[in-house]
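The structure appears below as structure tokens.
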Amino acid sequence: MHRSKVCFKCRKRKSIEQFYRHPMMGDGRLGKCKECTKKDVHENRGKRIDYYRAYDRERAKIPERRKSSAAITAIWRKADARRSAAHNAVAWAIRSGRLERMDCEKCGRRDSLAHHESYDRKLDVRWLCQPCHKQRHKEMAIEGIEP
């Protein structure tokens, strides 16, 4: 049996699989579709970004999360040796004074990261803050560019 339901937000009828499970709802599904829920969550995070960043930093300190993060980092390093080598080269260049950390070239924030357009050019970096850095990676994925 294929059931459907109307989203209270967008008022569209969608299949029941387009709604998140929720044990407190009569039919076991949230009243808002997944698409509308994701949009609302994204907007809320944007409005309260400082709160959520502080929350994320504290949550990252939980022992289970630290352990999981270390395992993910080990996998990440093995996955692409060029990437790891490029990151290490930048860290050493900053410590030795050969490379100077700059403000984000897009928005001017001071807490910038080194972004590699290509991991083969280890010290050829652009300085971007975390949000701009993530946005650049999304752009590169759309353009089909692989560092």
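Can LYS78 be described as modelled with pLDDT of 95 or more and of a type outside the set (Asp, Glu)?
Values: modelled with pLDDT of 95 or more: no; of a type outside the set (Asp, Glu): yes.
Spelling it out, it is not the case that LYS78 is modelled with pLDDT of 95 or more and of a type outside the set (Asp, Glu).
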inquiry  = I want to confirm something. Restricting to segment 1-15 and keeping residues that are outside any strand (DSSP E or B) and at pLDDT 95 or above, which single residue is nearest to CYS33 (Cα to Cα)?
reply    = CYS7
Which numbered condition ASP27 fails, given (1) of a type outside the set (Ser, Thr, Tyr); (2) touching a helix residue (DSSP H, G or I) at 6+ places or on another chain (Cβ under 9 Å); (3) under 22 Å from GLN130 (Cβ atoms) = (3)
query = Among strands (runs of 3 or more DSSP E) lying entirely in segment 28-147, which contain 1 or more residues that are more than 19 Å from the chain's Cα centre (by Cα), surrounded by 14 or more Cβ atoms within 10 Å (Cβ to Cβ) and of a type outside the set (Val, Ile, Thr)?
reply = 29-33
query = What pairs come up if the first residue lies in segment 51-72 and is among the hydroxyl-bearing types (Ser, Thr, Tyr), the second is surrounded by 10 or more Cβ atoms within 10 Å (Cβ to Cβ), and their beta carbons are under 8 Å apart, counting only those six or more places apart or on different chains?
reply = TYR52/ARG45; SER69/ALA60
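The values are calculated or read from the model by the stated rules, or taken from the named source; none is laboratory data. Please read all numbers here as calculations on a predicted model, not as lab measurements. As a convention, Cβ positions derive from the backbone with ideal geometry for all residues, glycine included, and neighbour counts pool all protein chains shown.
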